[in-house]
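The values are calculated or read from the model by the stated rules, or taken from the named source; none is laboratory data. Quantities reported herein were computed from a predicted structural model and do not represent experimental measurements. Here Cβ is always computed from backbone atoms with ideal geometry, including for glycine, and neighbour counts include all displayed protein chains.
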Amino acid sequence: MELKHEICHPFISHSNMSKKKTCSEIIREARQSLRVQSTQRPFTPRESHRQLFGVNSVRASHANRPSSTFSVCAQNFDASNSRPPSGNRLPPLDHKPKFPETVPKPPLEARRGLAGVRVVVLKAGSVATLQPLEAQQKNDQSRLNSDLKLSPTKRLSSPVRTTLHKVKPHSAGSESSGAKTTEQSHHKTGLEDGNSSTEDADVLVFNDKVTLLLQELESEAAGSSTDSLTHLCELCERLHGALSDARMLGRRCKRRSEILRVLFRLIDLRSARLSLHISKLCLALSVSGNNLLNICKLIFKISRSESHDILFRNTSIIELLLGVLHTEDVSASGEALLYCVATFKFLSGNASVLKVLLEQNFVAAVQTLIQKLCEAEEVTTAGHILVQLTATMRNLADHPDARTLFVSFSILPALCLVLRLYWDDQDICTNTSRIFSKLSSYSECCLALAQIPECYPTTLGVLSRHPQKPDLVVRLLFTLGNLTAKSSDSRQQLFECDGCMDAVVQLYNIYQRRERSPDAGKEADDVLVKLVRLLANMSIHPAVGPLLATNTACVHLLMETLGKQKGGSCRSHVSKSRPGGRIRPSK
């Protein structure tokens, strides 16, 4: 028996086929049937090994890139000074002073007279030898009479001495000023006594507690057993507590070089747990320069092993590393910041440590660092750091609490600025595209991103610069598709950007005519699916749709795509764009 298939039509009622609808009803239902197109988010690959730059990075082949493998030992540190002197020597001055051939000399008598004045001034400066006012006037008068009887040669210095002596009786408040001077000297002596008492207290604490702990650390370091390493970690904790109680952390401890010298020697024991305790103490003592760089390298080296993630979760080392992000300058400590951010990149892959990062206000530190990197003059170093930072934020984008913080701390506008400043850097653009593709899959972040005017021209600029990078192109097209799916204003803003349709048609041509090897064919199909979905979402706008229909190149490519899907051997690109208003992110 032959089955008759029921005729289905979206605009004809099944209950009453004979009843015809008016044109206005058909148009109204047609408009209601239009839906934005959704598709799956591109898969974000996970790196198998923890390293600065992965195998797919353009920096992997650069000879002068920072290394992921190195050795850190006690000899790399400088214990004599926490801030080592700069190795840059100043260039000599070109100016050469010219001296006269003969230097004029004053008369001998005049020099003797001036020397006499100096002696009188020194004697007059003593408060204890001041004379009463009446006696001092009588002595001045008698001295004046005797000077008048002298010869003109011996009379040279007398008026000067007389003037110096007459200045003091002329002041009515000389005694009160002398009293004030005495009072100030007593006050200064009191301050010096207070400072000396504080220094004495510091010396007592250092001798009673710190010195004993340092001696115990040195003696315990001679053993190499597991019990010795455990005891060394406990001693480091006690040392940190003693220094904290005595307020000797930071740069306030005058004998910190002795502490650092002992700590640096313990690094050669090659214990990850002990090295983290040492690093925690060194960062708390505010090491800088070469010592800060080596400490960050040491922490980076420990974080490369996933088995060490639990050590970071149970210590306050994360808070101290965040302090490095806040305080250090890119030009002075760029390499140290690089390894510090790379450490966060590794740790953010662990869900437990990621929760600790969010609790320690990591997103706020990211905002501060992005601002410093965008203003940095060292573009190469800043670019290396941004690769690590954007990879870290890519891991954070999966956490619901982080997505809320991204919006509240204005991370999305900052990332648009990074994308505009570094849109020639493929690594930074790829990481940022992964962040956008994740965040735009959620309504709150998608709407926040859609409200950034620079988002649309910047994204189109990146697509025009990297058209042959399918993993970058597919994610940016997916992001634009999400924005146009949520907002009618986004459809119009994107279409009105300079070169929008030129960039879209260029990408359409490239991936429509790409050779169909197994891997390249799948990548091209993914790009075309996202591209057709973007065009479908844009065409819903009442002003954009008719203009798209007049674009001959775009319509020709769409018809060509439909022609290639005949025979049922391949799924239609349009059918891959699943209907529905809700964006469904892939797992």
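Side notes on the structure shown:
- Test: residue in the stretch 296-312 that is surrounded by 17 or more Cβ atoms within 10 Å (Cβ to Cβ) and of a type in the set (Gly, Ala, Ser): yes
Conditions (1) touching a residue at least 40 places away in the same chain (Cβ under 8 Å); (2) of a type outside the set (Val, Ile, Thr); (3) part of a helix (DSSP H, G or I); (4) in the same structural domain as Leu232 (by TED's automatic domain parsing), marked per residue:
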position	(1), (2), (3), (4)
Arg251	yes, yes, no, yes
Lys254	yes, yes, no, yes
Val262	yes, no, yes, yes
Ser275	no, yes, yes, yes
Lys297	yes, yes, yes, no
Phe300	yes, yes, yes, no
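- The condition (being surrounded by 14 or more Cβ atoms within 10 Å (Cβ to Cβ), modelled with pLDDT of 90 or more, farther than 30 Å from Pro66 by Cβ and under 31 Å from the mean Cα position of the chain (by Cα)) is satisfied by just one residue among Leu213, Leu243: Leu243.
- Cβ separations smaller than 8 Å between residues 6+ apart or across chains give the following pairs from the stretch 529-548 residues that are in contact (Cβ under 8 Å) with a residue 60 or more places away in the chain to residues that are of a type in the set (D, E, K, R): Val529/Lys576; Asn537/Arg491; Ile540/Arg491.
- The set of residues in the stretch 383-410 that are closer than 18 Å to Cys445 by Cβ, touching a residue at least 12 places away in the same chain (Cβ under 8 Å) and small (Gly, Ala, Ser) comprises Ala397, Ala402, Ser410.
- Only a single item in (1) over 15 Å from Ser348 (Cα atoms); (2) modelled with pLDDT under 95 is not met by Ser275, and it is number (2).
- Residue within the stretch 523-533 that is in a helix (DSSP H, G or I) and farther than 19 Å from Ser437 by Cβ present: no
- Filter result for Arg513 (out of contact with any Gly (no Cβ under 8 Å at 6 or more places or on another chain) and over 23 Å from Asp424 (Cβ atoms)): yes
- Unique match (being surrounded by fewer than 22 Cβ atoms within 10 Å (Cβ to Cβ), at pLDDT 95 or above and either outside any helix (DSSP H, G or I) or in contact with a Leu (Cβ under 8 Å, 6 or more places away or on another chain) (or both)) among Val341, Val363: Val363
- Residue in the stretch 444-467 that is of a type in the set (Lys, Arg) and more than 25 Å from Tyr422 (Cβ to Cβ) present: no
- Evaluation of Ser352 against (1) within 12 Å of the chain's Cα centre (by Cα); (2) hydroxyl-bearing (Ser, Thr, Tyr); (3) farther than 14 Å from Leu321 by Cα (one fails), failing number: (1)
Listed here are the residues, each with its yes/no results for (1) among the small types (Gly, Ala, Ser); (2) surrounded by 18 or more Cβ atoms within 10 Å (Cβ to Cβ).
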site	(1), (2)
Thr479	no, yes
Ala485	yes, yes
Tyr508	no, yes
Leu534	no, yes
Ser539	yes, yes
Pro542	no, no
